[in-house]
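*Asks:* Quick one: the structure is below, questions incoming.
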Amino acid sequence: MPTMKSILFKFSFLAFLLLMSHTPNVQEFQGQAIYFSKSTMELGNWGARMSEAQKKQIQARLKNRLEKTFVLNFNKEASVFKEEDKLDAISGATDSWGKNFSRGEQYKNVKENALVQSQEFYGKQFLVKDNLQAIDWKMGGEQKQIGQYMCFKATASIPTLELTWYDFSWSNLRRANANQESDSTNVEPTVPEIQMTEVEAWYTPQIPVGHGPGEYWGLPGLILEVSAGNTTMLCSKIVMNPKEKIKIEAPDKGKVISKSEYQVTISEKMQEMRDMRGRRRSR
């Protein structure tokens with residue numbers, strides 16, 4: 001006949017198993033946020049010579065690059081951010097040139113301070129692995145409603161290159177070439193000024209995760225809106241704990257490389273392409 005001690009032990013063990021079965025797992029908490037991104041186009045002196053009709057025509061042709069839709073899947077620790085593919089409004093094809101300089105599938109792990117991003121550049125696959133960009137957020141007292149969520153304002157100043165490291169700029173290449181020429185002629189190279197981008201973000205503590213779209217993260221709530229430079233990203237839909245389980249995994253295909261190494265790689269490739277065009281024109 002079982003003793004009182006053994007009965008209590010069995011009861012305690014069953015209670016422990018029951019408790020463990022109801023302990024929430026990090027992976028069980030999931031959410032999906034849809035963001036709409038809109039950028040304005042700076043035409044500079046070139047645009048001053050254009051008619052309004054010409055400007056509208058260019059904007060229509062570049063609609064895929066100026067207006068985009070992104071999906072952010074997240075749990076407590078990690079997120080995957082990727083762009084939804086759209087057909088070009090004019091040609092009916094995908095924007096293959098733009099894809100070479102756009103953000104690929106991006107995995108961020110806020111617990112491990114890890115970034116893993118898949119980038120394709122002219123048919124070659126890269127796997128960019130690096131730390132997350134540190135952001136010194138300044139918390140504000142302003143608040144506003146976005147959908148059903150109360151949001152609070154935060155601002156930061158971030159090096160522009162850290163927000164656009166996957167992109168390419170001819171001006172950056174010209175500066176690099178100028179510094180190389182200075183080295184070859186023993187002229188003191190000029191120290192490039194670090195360009196900064198002012199960022200305004202709105203986050204909601206109602207979803208207490210440190211995630212956000214793109215390079216933005218590290219606030220005490222999901223970032224629902226962020227404005228930086230000429231681009232604004234706004235969350236249009238949130239689904240918490242969807243019925244179908246979401247895969248939140250880092251991409252794993254491509255040549256492993258850091259952000260700085262990737263920048264050097266695409267700059268060298270673009271320099272090579274420009275040199276080849278120059279040689280063809282001189283024949």
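*Asks:* Considering only DSSP states other than H, G, I, E and B, which GluC sites (Glu not before Pro) in the stretch 103-134 qualify as loop sites with at most 11 other Cβ atoms within 10 Å? Don't skip to the answer; put the middle values down first.
*Replies:* On the way: sites: 105, 112, 120; in loops: 105, 112.
Answer in residue order: 112.
*Asks:* What FRET efficiency comes out for residue 243 versus residue 132 if R0 is 35 angstrom and r is the Cβ-Cβ distance? Round to the nearest 0.05.
*Replies:* E between residue 243 and residue 132, to the nearest 0.05, is 0.70.
*Asks:* Could you give the length gained by full extension between residue 276 and residue 255, i.e. 0.36 nm per residue of separation minus their alpha carbon distance, to one decimal place? Mind showing how you got there, number by number?
*Replies:* On the way: separation 21, 0.36 × 21 = 7.56 nm, distance 2.53 nm.
The residue 276-residue 255 span can extend by a further 5.0 nm.
*Asks:* Report the gain in length on full extension from residue 236 to residue 148: 0.36 nm times residue separation, minus Cα-Cα distance, nm rounded to one decimal. Please list the in-between numbers first.
*Replies:* On the way: separation 88, 0.36 × 88 = 31.68 nm, distance 1.08 nm.
Working it through step by step, the gained length comes to 30.6 nm.
Readers should treat all values here as calculations from the given coordinates under stated rules, not as data from a laboratory. Just so it is clear, the structure is predicted and the values come from calculations on it, not from any experiment. We place every Cβ from the backbone using ideal geometry, glycine too, and count neighbours over all the protein chains shown.
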